[in-house]
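J.: One structure coming up, written as C-alpha coordinates, with questions to follow.
The values are calculated or read from the model by the stated rules, or taken from the named source; none is laboratory data. The structure presented is a predicted model; accordingly, all values stated were derived computationally and were not measured. Methodologically, a virtual Cβ is constructed for each residue, glycine included, from the backbone with ideal geometry; neighbour enumeration extends over all protein chains shown. Accessible surface areas use protein heavy atoms only, side chains included; no ligands, DNA or RNA. Shrake-Rupley method; radii C 1.70, N 1.55, O 1.52, S 1.80 Å.
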Amino acid sequence: VTDQAFVTLATDDVYCQGALVLGQSLRNHTTSRKLAVLITPEVSSGMRSVLRSVFDEVTEVDALDSADSVHLALLQRPELGVTFTKLHCWTLTHYSKCVFMDADTLVSRAGAVVMFVSVLDVFFSNWATADIGKHLPFIYNLSSSAVYTYVPAFNHFGRDTKVVHFLGATKPWNYKYNLQTKRVMQDGTASGSFHQLSFLALWWNIYSASILPLLEKFQKMEESE
Ligand code: UDP
Ligand code: MN
(Lines give C-alpha, C1' and ligand atoms only; values in the text may rest on other atoms or scores of the structure.)
(Ligands and ions follow the chains in the order given, each with its own letter.)
Protein backbone atom coordinates (compact mmCIF):
# COMPACT_ATOMS: atom_id res chain seq x y z
CA VAL A 1 0.00 0.00 0.00
CA THR A 2 2.67 2.46 -1.05
CA ASP A 3 0.05 4.82 -2.45
CA GLN A 4 -1.22 5.55 1.07
CA ALA A 5 0.54 7.72 3.59
CA PHE A 6 0.59 8.98 7.12
CA VAL A 7 1.21 12.71 6.97
CA THR A 8 2.26 15.15 9.66
CA LEU A 9 3.33 18.78 9.82
CA ALA A 10 6.18 20.63 11.52
CA THR A 11 6.71 24.35 10.96
CA ASP A 12 9.85 24.64 13.08
CA ASP A 13 12.64 22.55 14.62
CA VAL A 14 10.75 22.27 17.91
CA TYR A 15 7.67 20.62 16.36
CA CYS A 16 10.05 18.47 14.29
CA GLN A 17 10.95 16.68 17.52
CA GLY A 18 7.32 15.63 17.84
CA ALA A 19 7.09 14.66 14.16
CA LEU A 20 10.18 12.46 14.56
CA VAL A 21 8.76 10.63 17.58
CA LEU A 22 5.46 10.08 15.73
CA GLY A 23 7.32 8.82 12.64
CA GLN A 24 9.43 6.49 14.75
CA SER A 25 6.38 5.18 16.61
CA LEU A 26 4.77 4.33 13.25
CA ARG A 27 8.02 2.66 12.13
CA ASN A 28 8.06 0.65 15.36
CA HIS A 29 4.66 -0.70 14.38
CA THR A 30 6.06 -1.61 10.95
CA THR A 31 3.50 0.21 8.89
CA SER A 32 3.21 -0.66 5.23
CA ARG A 33 2.12 2.92 4.50
CA LYS A 34 4.49 5.69 3.46
CA LEU A 35 5.46 8.32 6.02
CA ALA A 36 5.37 11.92 4.85
CA VAL A 37 6.13 15.15 6.69
CA LEU A 38 5.23 18.67 5.56
CA ILE A 39 7.71 21.35 6.64
CA THR A 40 7.95 25.10 6.15
CA PRO A 41 11.08 27.08 5.13
CA GLU A 42 11.96 27.77 8.79
CA VAL A 43 13.04 24.17 9.42
CA SER A 44 16.85 23.93 9.54
CA SER A 45 18.86 21.90 7.05
CA GLY A 46 20.25 19.66 9.81
CA MET A 47 16.74 18.85 10.96
CA ARG A 48 15.69 18.09 7.38
CA SER A 49 18.45 15.46 7.17
CA VAL A 50 17.21 13.84 10.37
CA LEU A 51 13.61 13.91 9.09
CA ARG A 52 14.72 12.21 5.86
CA SER A 53 16.16 9.31 7.84
CA VAL A 54 12.77 8.60 9.47
CA PHE A 55 10.25 9.73 6.81
CA ASP A 56 9.92 8.52 3.21
CA GLU A 57 9.05 11.99 2.00
CA VAL A 58 9.91 15.47 3.32
CA THR A 59 7.98 18.18 1.48
CA GLU A 60 8.52 21.90 1.92
CA VAL A 61 5.32 23.94 1.75
CA ASP A 62 4.50 27.57 2.40
CA ALA A 63 3.07 28.41 5.79
CA LEU A 64 -0.66 29.07 5.75
CA ASP A 65 -2.02 31.11 8.62
CA SER A 66 -5.62 31.50 9.63
CA ALA A 67 -4.75 35.01 10.84
CA ASP A 68 -7.65 34.58 13.21
CA SER A 69 -5.84 36.27 16.07
CA VAL A 70 -9.01 37.06 18.00
CA HIS A 71 -10.16 33.47 18.34
CA LEU A 72 -6.65 32.17 18.85
CA ALA A 73 -6.16 34.68 21.65
CA LEU A 74 -9.33 33.37 23.23
CA LEU A 75 -7.81 29.90 23.10
CA GLN A 76 -4.55 31.37 24.45
CA ARG A 77 -2.77 29.56 21.62
CA PRO A 78 -1.53 32.25 19.16
CA GLU A 79 0.77 29.70 17.52
CA LEU A 80 -2.15 27.62 16.25
CA GLY A 81 -2.78 29.90 13.25
CA VAL A 82 -0.10 28.01 11.34
CA THR A 83 -1.88 24.70 11.84
CA PHE A 84 -3.85 25.60 8.71
CA THR A 85 -0.66 24.63 6.89
CA LYS A 86 -1.88 21.05 7.24
CA LEU A 87 -4.30 21.82 4.39
CA HIS A 88 -1.28 21.23 2.11
CA CYS A 89 -1.97 17.58 2.82
CA TRP A 90 -4.49 17.81 -0.01
CA THR A 91 -1.68 18.59 -2.45
CA LEU A 92 -0.05 15.20 -1.88
CA THR A 93 -2.09 13.87 -4.77
CA HIS A 94 0.29 11.02 -5.56
CA TYR A 95 -1.27 9.19 -2.62
CA SER A 96 -4.73 7.69 -2.91
CA LYS A 97 -5.29 8.05 0.83
CA CYS A 98 -3.60 10.24 3.43
CA VAL A 99 -4.12 10.13 7.17
CA PHE A 100 -3.09 13.35 8.84
CA MET A 101 -1.70 13.11 12.34
CA ASP A 102 -0.58 15.99 14.54
CA ALA A 103 3.12 16.12 15.38
CA ASP A 104 2.15 15.79 19.06
CA THR A 105 0.69 12.31 18.63
CA LEU A 106 2.19 8.85 18.71
CA VAL A 107 0.91 5.33 18.25
CA SER A 108 1.15 2.86 21.04
CA ARG A 109 -0.01 -0.65 21.69
CA ALA A 110 0.16 -0.39 25.45
CA GLY A 111 -2.08 0.97 28.11
CA ALA A 112 -5.71 1.45 28.91
CA VAL A 113 -8.12 3.76 27.16
CA VAL A 114 -8.35 7.02 29.03
CA MET A 115 -9.43 10.47 28.02
CA PHE A 116 -8.31 13.78 29.41
CA VAL A 117 -10.45 16.21 27.35
CA SER A 118 -11.60 19.46 29.17
CA VAL A 119 -8.26 19.66 31.03
CA LEU A 120 -6.90 19.42 27.47
CA ASP A 121 -3.81 17.51 28.46
CA VAL A 122 -3.73 14.14 26.85
CA PHE A 123 -6.20 12.71 24.40
CA PHE A 124 -5.96 8.98 24.10
CA SER A 125 -8.01 7.74 21.20
CA ASN A 126 -8.92 4.16 20.58
CA TRP A 127 -9.27 4.23 16.83
CA ALA A 128 -9.74 0.56 16.09
CA THR A 129 -12.77 -0.04 18.29
CA ALA A 130 -14.16 3.49 18.32
CA ASP A 131 -17.32 4.32 16.46
CA ILE A 132 -15.87 6.33 13.61
CA GLY A 133 -19.24 7.93 12.99
CA LYS A 134 -18.91 9.76 16.30
CA HIS A 135 -15.75 11.53 15.16
CA LEU A 136 -15.65 14.60 13.02
CA PRO A 137 -13.63 14.49 9.84
CA PHE A 138 -10.41 16.31 10.62
CA ILE A 139 -11.16 18.99 8.06
CA TYR A 140 -13.99 20.18 10.32
CA ASN A 141 -11.80 20.05 13.29
CA LEU A 142 -8.84 22.21 12.41
CA SER A 143 -9.31 24.78 15.15
CA SER A 144 -10.74 22.44 17.73
CA SER A 145 -8.70 21.06 20.55
CA ALA A 146 -10.95 18.11 21.24
CA VAL A 147 -11.35 15.13 18.95
CA TYR A 148 -9.38 14.26 15.87
CA THR A 149 -10.29 11.61 13.38
CA TYR A 150 -8.23 8.58 12.71
CA VAL A 151 -9.93 6.69 9.93
CA PRO A 152 -9.99 2.92 9.56
CA ALA A 153 -6.82 3.12 7.48
CA PHE A 154 -5.18 2.37 10.79
CA ASN A 155 -6.86 -0.95 11.27
CA HIS A 156 -3.92 -2.93 9.94
CA PHE A 157 -2.06 -2.14 13.16
CA GLY A 158 -4.43 -4.35 15.09
CA ARG A 159 -7.19 -3.88 17.56
CA ASP A 160 -5.19 -2.76 20.52
CA THR A 161 -3.31 0.05 18.88
CA LYS A 162 -3.93 3.50 20.29
CA VAL A 163 -3.21 7.07 19.38
CA VAL A 164 -1.87 9.26 22.14
CA HIS A 165 -2.46 12.95 21.49
CA PHE A 166 -0.69 15.45 23.73
CA LEU A 167 -3.25 18.19 23.30
CA GLY A 168 -2.72 21.60 24.79
CA ALA A 169 -0.04 24.20 25.24
CA THR A 170 2.43 22.01 27.13
CA LYS A 171 3.96 19.40 24.83
CA PRO A 172 6.14 16.40 25.77
CA TRP A 173 9.26 18.24 24.62
CA ASN A 174 8.51 21.02 27.13
CA TYR A 175 9.16 18.64 30.02
CA LYS A 176 12.54 17.76 31.44
CA TYR A 177 13.64 14.16 31.24
CA ASN A 178 16.35 12.45 33.23
CA LEU A 179 18.22 10.20 30.80
CA GLN A 180 19.76 8.22 33.68
CA THR A 181 16.65 7.45 35.70
CA LYS A 182 14.44 7.45 32.55
CA ARG A 183 11.92 9.61 34.34
CA VAL A 184 9.97 12.64 33.26
CA MET A 185 10.63 15.41 35.75
CA GLN A 186 7.58 17.26 36.93
CA ASP A 187 7.60 20.90 37.82
CA GLY A 188 5.68 21.90 40.92
CA THR A 189 2.63 23.10 39.03
CA ALA A 190 1.97 20.05 36.88
CA SER A 191 -0.70 17.81 38.31
CA GLY A 192 0.03 14.82 36.16
CA SER A 193 -1.92 11.64 36.62
CA PHE A 194 -0.31 8.25 36.39
CA HIS A 195 -1.55 7.80 32.82
CA GLN A 196 -0.31 11.17 31.68
CA LEU A 197 3.09 10.42 33.11
CA SER A 198 3.23 7.02 31.48
CA PHE A 199 2.41 8.54 28.08
CA LEU A 200 5.04 11.19 28.58
CA ALA A 201 7.52 8.48 29.52
CA LEU A 202 6.57 6.61 26.34
CA TRP A 203 7.24 9.71 24.24
CA TRP A 204 10.57 10.30 25.96
CA ASN A 205 11.55 6.63 25.62
CA ILE A 206 11.20 6.84 21.85
CA TYR A 207 12.87 10.25 21.75
CA SER A 208 15.89 9.25 23.82
CA ALA A 209 16.33 5.79 22.29
CA SER A 210 15.79 6.58 18.60
CA ILE A 211 15.70 10.32 17.91
CA LEU A 212 18.44 11.79 20.12
CA PRO A 213 21.11 9.51 18.56
CA LEU A 214 20.03 10.68 15.08
CA LEU A 215 20.14 14.34 16.12
CA GLU A 216 23.59 13.85 17.66
CA LYS A 217 24.88 12.03 14.58
CA PHE A 218 23.81 14.81 12.22
CA GLN A 219 25.10 17.49 14.59
CA LYS A 220 28.53 15.84 14.55
CA MET A 221 28.44 15.61 10.76
CA GLU A 222 27.68 19.33 10.54
CA GLU A 223 30.45 20.22 12.97
CA SER A 224 33.02 18.26 10.97
CA GLU A 225 32.06 19.96 7.71
N1 UDP B 1 2.03 22.87 14.27
C2 UDP B 1 3.28 23.25 13.82
N3 UDP B 1 3.84 24.40 14.32
C4 UDP B 1 3.23 25.17 15.26
C5 UDP B 1 1.97 24.76 15.72
C6 UDP B 1 1.39 23.61 15.21
O7 UDP B 1 3.89 22.57 12.99
O8 UDP B 1 3.80 26.21 15.67
C9 UDP B 1 1.40 21.66 13.68
C10 UDP B 1 1.85 20.36 14.38
O11 UDP B 1 1.75 19.27 13.47
C12 UDP B 1 0.82 20.26 15.47
C13 UDP B 1 -0.45 20.67 14.72
O14 UDP B 1 0.00 21.72 13.85
O15 UDP B 1 0.73 18.96 16.03
C16 UDP B 1 -1.58 21.17 15.61
O17 UDP B 1 -1.07 22.00 16.63
P18 UDP B 1 -1.01 21.51 18.15
O19 UDP B 1 -0.75 20.05 18.18
O20 UDP B 1 -0.03 22.40 18.87
O21 UDP B 1 -2.49 21.82 18.65
P22 UDP B 1 -3.36 21.04 19.77
O23 UDP B 1 -3.35 19.60 19.40
O24 UDP B 1 -2.70 21.31 21.10
O25 UDP B 1 -4.72 21.65 19.65
MN1 MN C 1 -2.01 18.34 18.60
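J.: Between Leu9 and residues 5 or more places away or on another chain, which pairs have amide H atoms under 5 Å apart, with H built 1.01 Å from N, and which residues are they?
T.: Result for Leu9 returns Leu38, Ala103.
J.: Keeping all protein chains in place, calculate the accessible area per residue for region 1-74 (probe 1.4 angstrom), answer in Å².
T.: It amounts to 43 Å² per residue over region 1-74.
J.: Show me 8-17, 164-173 ranked by packing, highest mean number of other Cβ atoms within 10 Å first.
T.: Going from most to least packed, we get 8-17, 164-173.
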